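Participant: Input: one structure, supplied below.
The values are calculated or read from the model by the stated rules, or taken from the named source; none is laboratory data. Computed from a predicted structure; not experimentally measured. Every residue, glycine among them, receives a Cβ derived from its backbone with ideal geometry; neighbour counts consider all protein chains shown.
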Amino acid sequence: DSDDDDEDERRGRGCTLQYQHAMVRVLTQFVAEPPEPGGQLSYLLGPDWQLDITHMVRDFMQVEEPRIARLQEGQVLVGLELGMTTIQILSPLSDAILAEKTVTVLDEKVTITDLGVQLVTGLSLSLQLSPGSNRAIFATAVAQELLQSPKQEAAISCWIQFSDGSVMPLDIYDPKDFSLSATSLDEKVVSIHHDPKVKWPVIAAETEGQGALVRVEMVISESCQKSKRKSVLAVGS
C-alpha cells in the first residue's frame with residue numbers, strides 16, 4: 001500500500017492546471033499612396049478587405065512580458081500566469097513596433113464540455129468569385145467523411161469545447177499533456193491502428209456499415225495521473 005501511495009503522490013505532483021490557448025492571426029490592409037497630394041488612397045481589393053499575413057510576420061512577433069504568455073510557432077498564444085501584456089510585431093529593419101495587441105490572462109476557470117470528432121477521408125476544393133470583389137476568389141475546402149471501400153483509411157480531426165463556449169482545435173495543444181485513444185464500436189465494420197507517421201489513431205474500413213462506429217477518448221497524460229485509474233478529460237464519437 002505504501003508503494004501505491006508513493007506512486008499516487010508522485011503522479012499528483014506531475015501537473016498543474018493550464019491556461020487556455022488561443023489562435024493568433026495578423027490581418028492588414030495593403031494601401032498605395034496617391035501620386036499627388038490630396039488624392040485618395042488605393043486599397044488592394046478595396047477598403048473593406050484585410051489580408052491574413054500571419055505567415056509573413058511570425059518570425060517578427062514577440063510577447064512583451066514572456067512570463068505572462070508565450071507564443072508557440074508564432075500562431076498559438078499560451079497563458080502562463082495572471083496579468084496583462086501585449087503581442088508585438090517588430091519591424092525587420094529596425095526596433096520599431098509596427099503593431100501590437102493587448103492580451104489579458106485571467107483566472108476564470110473553465111472545463112471541457114465536449115470533444116468534437118470528425119473522420120476525414122479526403123478533401124474537396126471549390127472555387128468561386130467573391131461577391132464583394134471581382135478580383136478575389138473564394139477557395140472552400142470541405143472534409144469528406146465517407147469510407148468508400150474496404151481498407152480505405154480515415155484520419156481523426158478533433159476539437160474541444162469549453163464551458164465558456166469557446167471552441168479550439170486539439171492540434172494546438174501539446175500532445176505531451178494528453179493522449180488520444182480510439183475504440184471501434186463494431187470491429188467488423190471499422191478497425192483502429194496506429195501509424196507512427198500520424199499523430200492520432202487511424203481508422204480503416206473493413207465491411208459496410210453505418211452509425212456511431214468509433215469512440216474517441218482524450219485522456220490526461222500518464223505523468224499527470226493522480227492515481228492508477230485513467231482520468232478521461234473528454235469523450236467523443
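A quick yes/no check of all residues on (1) assigned to a strand (DSSP E or B); (2) on the phi < 0 side of the Ramachandran plot; (3) of a type in the set (Val, Ile, Thr):
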{"residue": "Asp95", "(1), (2), (3)": "no, yes, no"}
{"residue": "Thr104", "(1), (2), (3)": "yes, yes, yes"}
{"residue": "Val110", "(1), (2), (3)": "no, yes, yes"}
{"residue": "Thr113", "(1), (2), (3)": "yes, yes, yes"}
{"residue": "Gly116", "(1), (2), (3)": "yes, yes, no"}
{"residue": "Leu119", "(1), (2), (3)": "yes, yes, no"}
{"residue": "Ser124", "(1), (2), (3)": "yes, yes, no"}
{"residue": "Leu129", "(1), (2), (3)": "yes, yes, no"}
{"residue": "Arg135", "(1), (2), (3)": "yes, yes, no"}
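Participant: Anything in the range 71-86 that is surrounded by 15 or more Cβ atoms within 10 Å (Cβ to Cβ) and within 19 Å of the chain's Cα centre (by Cα)? List them, or say none. Lay out the reasoning, then the answer.
Facilitator: Restricting attention to the range 71-86, the residues satisfying the condition of being surrounded by 15 or more Cβ atoms within 10 Å (Cβ to Cβ) are 71, 74-80, 85-86.
Selection gives Leu71, Gly74, Gln75, Val76, Leu77, Val78, Gly79, Leu80.
Participant: Follow-up. Can you confirm whether the range 170-181 contains a residue that is out of contact with any strand residue (DSSP E or B) (no Cβ under 9 Å at 6 or more places or on another chain) and touching a residue at least 40 places away in the same chain (Cβ under 8 Å)?
Facilitator: Step one: of the range 170-181, the residues out of contact with any strand residue (DSSP E or B) (no Cβ under 9 Å at 6 or more places or on another chain) are 175-176.
Narrowing the set further to residues that are touching a residue at least 40 places away in the same chain (Cβ under 8 Å) leaves 176.
Checked the range 170-181: at least one residue is out of contact with any strand residue (DSSP E or B) (no Cβ under 9 Å at 6 or more places or on another chain) and touching a residue at least 40 places away in the same chain (Cβ under 8 Å).
Participant: Inside the range 151-178, can you point out the residues that are surrounded by 16 or more Cβ atoms within 10 Å (Cβ to Cβ) and among the small types (Gly, Ala, Ser)?
Facilitator: Answer for the range 151-178, where residues must be surrounded by 16 or more Cβ atoms within 10 Å (Cβ to Cβ) and among the small types (Gly, Ala, Ser): Ala154, Ala155, Ser157.
Participant: Turning to a different aspect of this structure: Of all residues in the range 192-209, which are exposed (fewer than 15 other Cβ atoms within 10 Å of the Cβ) and either touching a residue at least 12 places away in the same chain (Cβ under 8 Å) or touching a Phe, Trp or Tyr at 6+ places or on another chain (Cβ under 6 Å) (or both)?
Facilitator: Step one: filter the range 192-209 for residues exposed (fewer than 15 other Cβ atoms within 10 Å of the Cβ), giving 193-199, 207-209.
Residues satisfying the conditions are Val198, Lys199, Thr207, Glu208, Gly209.
Participant: Another one. Every residue in the range 129-168 that is in contact (Cβ under 8 Å) with a residue 24 or more places away in the chain, farther than 26 Å from Val189 by Cα and not hydroxyl-bearing (Ser, Thr, Tyr), please. Let's see the steps before the verdict.
Facilitator: Pass one, the range 129-168, residues in contact (Cβ under 8 Å) with a residue 24 or more places away in the chain: 132-133, 135-136, 143-164, 166-168.
Narrowing further to those that are farther than 26 Å from Val189 by Cα: 132-133, 135-136, 160-164, 166-168.
Scanning the range 129-168 gives Gly132, Arg135, Ala136, Ile160, Gln161, Phe162, Asp164, Val167, Met168.
Participant: Still on this structure, please answer the following. Have a look at Leu51, Leu45, Leu90 and point out the one that is without any contact (Cβ under 8 Å) to a residue 60 or more places away in the chain and more than 28 Å from Leu170 (Cβ to Cβ).
Facilitator: Details: Leu51 fails: more than 28 Å from Leu170 (Cβ to Cβ); Leu45 fails: without any contact (Cβ under 8 Å) to a residue 60 or more places away in the chain.
Criteria check complete, one pass: Leu90.
Participant: Right, here's the next one. Can you spot a residue in the range 49-71 that is among the charged types (D, E, K, R) and at pLDDT below 90? Give the derivation first.
Facilitator: Residues of the range 49-71 among the charged types (D, E, K, R): 52, 58-59, 64-65, 67, 70.
If we keep only those that are at pLDDT below 90 too, we end up with none.
No, there is no match, as no residue in the range 49-71 is among the charged types (D, E, K, R) and at pLDDT below 90.
Participant: May I pose another question? So for the range 218-232 (the condition being more than 24 Å from the chain's Cα centre (by Cα) and of a type in the set (Asp, Glu)), does at least one residue qualify?
Facilitator: no
Participant: Hey, among Thr16, Thr85, which residue is within 27 Å of Val235 (Cβ to Cβ) and either at pLDDT 90 or above or not aliphatic (A, V, I, L, M) (or both)?
Facilitator: Working: Thr85 fails: within 27 Å of Val235 (Cβ to Cβ).
Exactly one residue qualifies, and that residue is Thr16.
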